[in-house]
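Peer 1: Mind having a look at this structure? Questions to follow.
The values are calculated or read from the model by the stated rules, or taken from the named source; none is laboratory data. Just so we're clear, the structure is a prediction, and the values are computed from it rather than from any experiment. Note that we place each Cβ from the backbone using ideal geometry, even for glycine, and neighbour counts take in every protein chain shown.
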Amino acid sequence: MSLFYALYYPCDKVRDFAYDYLEGKLGLLTGFRFKRHLRGCEECQEYIKLYRMAADPSKFTFENPLPSEFLDHTLQFLKERGVVGDG
Amino acid sequence: METKPLQGGERSDPFAEVNAPEFLARLLAGGRESQRTFGWLVKVTHDRFLAFARRSLSSLEESREVVQEMYLAVHKGLPKFEGKSKLTTWMYSLLHHKICDCIAEKERSREEMVESHEAQLSTETNVDSWQPLTAWDAPADRVLVRASLETKISEAVSALPVAAREVYHLRDVEGLSGDEAAEALGLSSANVRVQLHRARRLIVEHVQESLRSDVIPGKATR
Ligand SMILES: [Zn+2]
């Protein structure tokens, strides 16, 4: 990271802004400084990229389907207590 | 919107269907209609609530128990549920309480049996025949780099402190709004925001650390 950019926002501050950045809630000046820092700092680019991934796990995760016997067990449990019927 | 219990087949967003006012009316109708509707409620929500419980409890057995207890509590509390929040948000909140009770109970018994602490831990991990959450990773024939990043993020989520993990699951995985997550977990909206940012940062840092350890020559990678 170049000293020039470090003089404006330090990396830590930029990373603190990641939440608001994703929400589109950075003010004009903050957004300007934020983006200027990003342009000059590969570490923060990488950081924000990962932060974005972490914030949207549906794009990349796929959960193992649970075996159906777990649902069956719960339905049986509730049936014995009269909460659900036979169907 | 059609809210009658589906016979299987196509599903849009089951949570949206169970949150419709007509659905609540069917649940409260009494008799077989209620039982049938409750059965459908369980069928379409079970795995998502179980996944939420799994985030906080290491054992699938315990997760299943708290989910079952939650459904009982829903059934019992329904007549007093006024529909001020979404049904599913209320269910998350009941489940959250059951999870807290379960963790507290475990803490108590842990304190009582400090000397057998390690034995207990090994039993807990053995109870699960199902794969741990970290086994979100792809089969070997999938693209490796992507899979490894997914695995790292998944591992990072599992390593989060419970409070951050719950918030992360409800907000980023389940897509609840900040207010809904706050209501379900009994937190302020500001606290949810803080916990969510904390969770994401911890995930990123965990992943970065893991990526760094991958590239150190001679160090074992996974
Ligand atoms: Zn930086």
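Peer 1: With (1) more than 30 Å from residue B:158 (Cα to Cα); (2) of a type in the set (Asp, Glu); (3) facing chain A (nearest Cβ under 9 Å) as the list, and residue B:22 as the residue in question, which single condition is left unmet?
Peer 2: (3)
Peer 1: Still on this structure, please answer the following. Kindly establish whether residue B:181 is under 28 Å from residue B:15 (Cα atoms), part of a helix (DSSP H, G or I) and free of Cβ contacts under 8 Å to residues at least 12 places away in the same chain.
Peer 2: So residue B:181 fails the test.
Peer 1: Would you check which residues across the stretch B:28-78 are part of a helix (DSSP H, G or I), away from chain A (no Cβ under 11 Å) and over 24 Å from residue B:107 (Cα atoms) and list them?
Peer 2: Selection gives B:77 alone.
Peer 1: Now for a different question. Considering only the stretch B:79-91, how many residues are surrounded by fewer than 16 Cβ atoms within 10 Å (Cβ to Cβ) and part of a helix (DSSP H, G or I)?
Peer 2: Of the residues in the stretch B:79-91, 2 are surrounded by fewer than 16 Cβ atoms within 10 Å (Cβ to Cβ) and part of a helix (DSSP H, G or I).
Peer 1: Out of B:150, B:183, which single residue is of a type in the set (Asp, Glu) and at pLDDT 85 or above?
Peer 2: Answer to the check: B:183.
Peer 1: Restricting attention to the stretch A:68-87, report how many residues are over 21 Å from residue B:73 (Cβ atoms) and within 7 Å of chain B (Cβ to nearest Cβ).
Peer 2: 1
Peer 1: Select, from A:28, A:50, the only residue that is more than 16 Å from the ligand (Cβ to nearest atom) and either surrounded by 15 or more Cβ atoms within 10 Å (Cβ to Cβ) or without any contact (Cβ under 8 Å) to a residue 12 or more places away in the chain (or both).
Peer 2: A:28
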